[in-house]
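The values are calculated or read from the model by the stated rules, or taken from the named source; none is laboratory data. Note that the structure is predicted; figures quoted are calculated from it, not measured. Cβ placement follows ideal geometry from the backbone for every residue including glycine, while neighbour counts extend to all protein chains displayed. Just so you know, the surface numbers come from the protein's heavy atoms only, side chains and all, with ligands and any DNA or RNA stripped out. Shrake-Rupley method; radii C 1.70, N 1.55, O 1.52, S 1.80 Å.
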Amino acid sequence: DDALPQVMSVSGPDGAGQTSANVPRSVPSEVTITVNKAPSGVKASVYSAVVGSSAVGVTFATVDAARIAQVVLTSPSQESAGEVYGLIVFGAAPASCVSACCEAASCVVDCQGVSTACFSLLAYDDLVPIAS
């Protein structure tokens, strides 16, 4: 839907992508998500975020007159390598609104009353020795 918020870029400590970024799995990582078509009338100070099954703190958030929002958060370390879904919530998230809705494409139903934008983080195993 053209009216819904859309992730434009995700950047982490090891580069950026359109909807995902690589992050080391063993340590928390600062991630910046840029979202187009952020809902008007919602202050950046009430944005929240979920990575995997964890609510994460938003370190910084801003939105401009063109409705482009930037959200900086700290992704927690992960148990294992692999893809982890994340969710930016433009307001207070209802209890049913978790990042699993990104994988299931059910955020419109699970997060009724708030707009959301999905992204993913590709956690790689940074503890495996690499030959150089």
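Of note, A81 satisfies the criterion of being touching a strand residue (DSSP E or B) at 6+ places or on another chain (Cβ under 6 Å), at pLDDT below 95 and open to solvent by 50 Å² or more (accessible area, probe 1.4 Å).
Within the range 26-56, if we keep just the residues that are charged (D, E, K, R) and surrounded by fewer than 17 Cβ atoms within 10 Å (Cβ to Cβ), the residue that is nearest to the chain's Cα centre (by Cα) turns out to be E30. Can you confirm whether V35 is touching a strand residue (DSSP E or B) at 6+ places or on another chain (Cβ under 8 Å) and in a strand (DSSP E or B)? It is true that V35 is touching a strand residue (DSSP E or B) at 6+ places or on another chain (Cβ under 8 Å) and in a strand (DSSP E or B).
Sort out which residues of the range 53-102 are of a type in the set (D, E) and within 16 Å of A123 (Cβ to Cβ), and write them in order of number. E79, E83, listed by residue number. S9 falls short on exactly one of the conditions (1) at pLDDT 95 or above; (2) part of a loop (DSSP other than H, G, I, E, B), and that condition is (2).
All of V23, V27 fail the test of being more than 19 Å from A3 (Cβ to Cβ) and in contact with a strand residue (DSSP E or B) (Cβ under 6 Å, 6 or more places away or on another chain), apart from V23.
If you scan the range 58-72, which residues turn out to be open to solvent by 60 Å² or more (accessible area, probe 1.4 Å) and either touching a Phe, Trp or Tyr at 6+ places or on another chain (Cβ under 8 Å) or over 14 Å from V7 (Cα atoms) (or both)? Matches in the range 58-72: T59, F60, D64, A65, A66, Q70.
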